[in-house]
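In what follows, a structure is listed as structure tokens, so that the remarks can point back to it.
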Amino acid sequence: MPGNEVTSVLGKNIRRQLSDEKMDFRTLQEIRLRIGKPLIVVNNGRERVFPGLVSKEDFLETLEYVSNYSLYAFENELKQGFLTIAGGHRV
């Protein structure tokens, strides 16, 4: 399932918010995580703003999952402004 590749690298609070949605991950375009701002998901051309704010802890937990707890190993990719996860998804 395409959603597993994406949700598996999200922090547990973010994952919980998305799990309640019946989202078609095949049409998912963007998940925006910004500390102190609401979670925003762009799916099938539509932007959805979730209630609540993304915490620093949510963001850092997601970053640890994305980098597989080794941010240093992704230093060159980070310089490009993104990391690539399984399935070719950019983070």
Percent antiparallel among DSSP beta bridges confined to the chain, rounded to 5, stands at 90
For K12, the aspartates and glutamates lying under 16 Å Cα to Cα, once residues fewer than eight places off in the same chain are dropped, come out as D20, E21, E57, D58, E61, E64
Quick calc: nm separation of the 7 Å Cα→Cβ label points for L60 and R90 -> 2.8
Residues whose modelled amide H sits under 5 Å from the amide H of T84, counting only those 5 or more places away in sequence or on another chain, are V91
Projected onto their principal axes, the Cα atoms of the chain stretch, largest extent first, over whole-Å spans of 34, 27, 20
Length gained if S70 through N4 is fully extended, taking 0.36 nm per residue and subtracting the Cα-Cα distance, is 21.7 nm
Once normalised by the length of the chain, the mean sequence separation of its alpha carbon contacts under 8 Å that are 6 or more apart gives a contact order in percent of 24
To the nearest 20 debye, the chain has a Cα-centred charge dipole, built from +1 on Lys and Arg Cβ and -1 on Asp and Glu Cβ, of 260
Computed ³J(HN,Hα) along segment 27-39: with the Karplus parameters 6.51/-1.76/1.60, θ = phi - 60°, integer Hz and x for glycine or proline, the list is 9, 5, 10, 7, 10, 9, 10, 9, 4, x, 10, x, 5
Pseudo-spin-label distance R46 to N13, built 7 Å along Cα→Cβ, given in nm, is 2.6
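A short reminder: the numbers here are calculations on the coordinates, not readings from a lab. Note that the structure is a prediction, hence the values are computed from the model and not measured. For neighbour counting, all protein chains shown are included, and Cβ atoms are generated from backbone atoms with ideal geometry for every residue, glycine included.
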